[in-house]
Amino acid sequence: MRQSLHELTIPTRGRGLYDFTDQVSAWLAKNRFQTGLVTLHLRHTSASLLIQENADPDVRRDLEAFFSRLVPDGDPLFIHTAEGDDDMPAHVRTALTTVNLSLPVHRGRLALGTWQGIYLWEHRRAPHSRTITLHFVGE
Amino acid sequence: MRQSLHELTIPTRGRGLYDFTDQVSAWLAKNRFQTGLVTLHLRHTSASLLIQENADPDVRRDLEAFFSRLVPDGDPLFIHTAEGDDDMPAHVRTALTTVNLSLPVHRGRLALGTWQGIYLWEHRRAPHSRTITLHFVGE
Amino acid sequence: MRQSLHELTIPTRGRGLYDFTDQVSAWLAKNRFQTGLVTLHLRHTSASLLIQENADPDVRRDLEAFFSRLVPDGDPLFIHTAEGDDDMPAHVRTALTTVNLSLPVHRGRLALGTWQGIYLWEHRRAPHSRTITLHFVGE
């Protein structure tokens, strides 16, 4: 049994879902990890990690539309508006989703379903650079 | 230290919460796992994993009622309606909950609280067959 | 590679967010864990674990305000009201967030971002005592 740590940096062009499944798979392949557990941790409080459908782009469009309606930018409920009217909504959207994912690895591949991709969900409207720590334990 | 992978298939009769705690516990017992970490990953994007109260069935009824009101079937906001009016709501409900769980194992048992059960939450109205990958690392 | 289990008990003074990052870090330091994975599991169904901003307290105030409006106490939709009008809202708020967290450990420290803290979110209005099981695997 062995373990390994790695860091990914994902640049975003503002609010939306960014598929980075290939970058996780490439790290597994490079290290020849066969069986084990990969944990991903996003080191930010205004963006999320999400496993969602990777086929029809309308799913991502609809997810974004739903969350924008549920947690509207500029909601007068919020008093933390230091960085703009999308600041607090980004924190709420992060709380409603997650910053942690754990995925089994089987025969060198992520145990994802056929239609599952791993996404970084940027909740701020401006471009950001987001850092994800990866941990693997296994063989 | 050792590890193991397993796959569970849960048939559903449509939307609702299905307790499968016993199936996870049975796998631990069969392999005589004593101390470690179990990770569960659901390989779908229109159903969730949830740890919730296993005592009063009204809790499950109320959870379902709340989510049905929050993410209504047939909402005109959604354009991804390929598989029916419960298609996109199922993706949103999955995003609002999770498809990953990680549970410590202590003295051969899941470190669940007295009132906690592990549920598969089917978000589609039609019956489905859902696959969960289990990973154990420990002793 | 080794592993370890531990239990934390956090007393709450009622609804709100309680930072317990230091207690997790102290456990790592005491055991001289250098590299690995920490998993936290909260053994309750009416409180959550949350990673959120630890700088401006207005973020916690706004998170609480948003969730109180989204899942109002005393909502006539709910029939599970055995323990009061904040009983079922506490279960829903737990379902919308999580009771599981997994964090890589690097050079003896949690791989948290600069602004991230680990919180227990008490969803009941009365004070409670909450138990969290910690698991570490690594070196």
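Sort the following peptides by mean Cβ neighbour count (other Cβ atoms within 10 Å, averaged over residues), highest first: C:29-38, A:37-46, C:4-13.
A:37-46, C:29-38, C:4-13
For the interface of chains B and C, what total accessible area is buried with a 1.4 Å probe, rounded to the nearest 100 Å²?
On the way: alone 7890 and 7920 Å², together 13110 Å².
Accessible area lost upon association: around 2700 Å².
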Between 0 and 90°, nearest 10: helix B:21-31 axis offset from chain B longest Cα axis:
30 degrees
With every protein chain in place, the residues of segment B:1-23 shedding 30 Å² or more of accessible area versus the chain by itself (probe 1.4 Å) are B:Met1, B:Gln3, B:Leu5
Which semi-axes, in whole Å and largest first, does the equivalent ellipsoid of segment B:45-88 have when worked out from the alpha carbon gyration tensor as the square roots of 5 times its eigenvalues?
25, 12, 7
Acute angle (nearest 10 degrees) that the helix A:57-70 long axis makes with the longest principal axis of chain A, alpha-carbon atoms:
40 degrees
To the nearest 0.05, how large is the calculated FRET efficiency for B:Ala126 and B:Glu64 if R₀ is 25 Å and r is the Cβ-Cβ distance?
0.95
If you average the C-alpha positions of segment C:79-111 and of segment B:1-53 separately, how far apart do those two centres end up, in angstrom?
19 Å
In whole Å, largest first, the alpha carbons of chain B cover along the principal axes 52, 30, 22
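All other residues with a Cβ under 13 Å from the Cβ of A:Gln23 taken together, and with Lys, Arg as +1 and Asp, Glu as -1, what is their net charge? Before the final figure, lay out each step's value.
On the way: positive: A:Lys30, A:Arg130; negative: A:Glu7, A:Asp19, A:Asp22.
Computed value for this residue: -1.
Name the shape class, rounded, prolate or oblate, that the alpha-carbon gyration tensor gives for segment C:16-74, where a ≥ b ≥ c are the square roots of its eigenvalues, rounded holds for a/c under 1.5, and otherwise prolate holds if a/b is larger than b/c and oblate otherwise.
On the way: a/c = 3.49, a/b = 1.97, b/c = 1.77.
Prolate is the answer for segment C:16-74, as a/c is 1.5 or above and a/b outweighs b/c.
Could you grab the relative contact order for chain A? Cα pairs under 8 Å, six or more apart, rounded to a whole percent. Please list the in-between numbers first.
Working: 267 pairs, mean separation 77.6, N = 139.
Contact order relative to length: 56 percent.
Assuming R0 = 35 Å, can you tell me the calculated FRET efficiency for the pair B:His106 and A:Asp85, based on Cβ-Cβ distance, to the nearest 0.05?
Values: r = 46 Å, r/R0 = 1.32.
The value I calculate is 0.15.
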Hey, what D do you get for the protein assembly as shown in µm²/s if you plug the Kirkwood alpha-carbon radius into Stokes-Einstein at 37 °C and 0.692 mPa s?
154 µm²/s
To test your reading of the geometry: what angle, between 0 and 90 degrees and rounded to tens, separates the Cα axis of helix C:87-96 from the longest principal axis of chain C?
50 degrees
Check each residue of segment B:110-139 and keep those whose accessible area, probe 1.4 Å, is at least 40 Å² smaller with all protein chains in place than in the chain alone; give them in order of residue number.
B:Ala111, B:Gln116, B:His135, B:Val137
Roughly how many nanometres apart are two label points built 7 Å out from the Cα toward the Cβ at C:Arg13 and C:Ala29?
2.4 nm
Label point distance in nm, C:Thr21-C:Ser4, each placed 7 Å from Cα along Cα→Cβ
2.1 nm
At 1.002 mPa s and 20 °C, plugging the Kirkwood radius over alpha-carbon pairs of segment A:78-139 into Stokes-Einstein gives what diffusion coefficient in µm²/s?
147 µm²/s
Express the carbon and sulfur contribution to the solvent-accessible surface of segment A:8-139 as a percent, rounded to the nearest whole number, probe 1.4 angstrom.
49 percent
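The values are calculated or read from the model by the stated rules, or taken from the named source; none is laboratory data. Because the structure is a prediction, the values reported are computed rather than measured. Ideal geometry is used to build each Cβ from the backbone, glycine not excepted, and the neighbour counts take in all protein chains shown. Note: areas computed on protein heavy atoms with side chains; ligands, DNA, RNA excluded. Shrake-Rupley method; radii C 1.70, N 1.55, O 1.52, S 1.80 Å.
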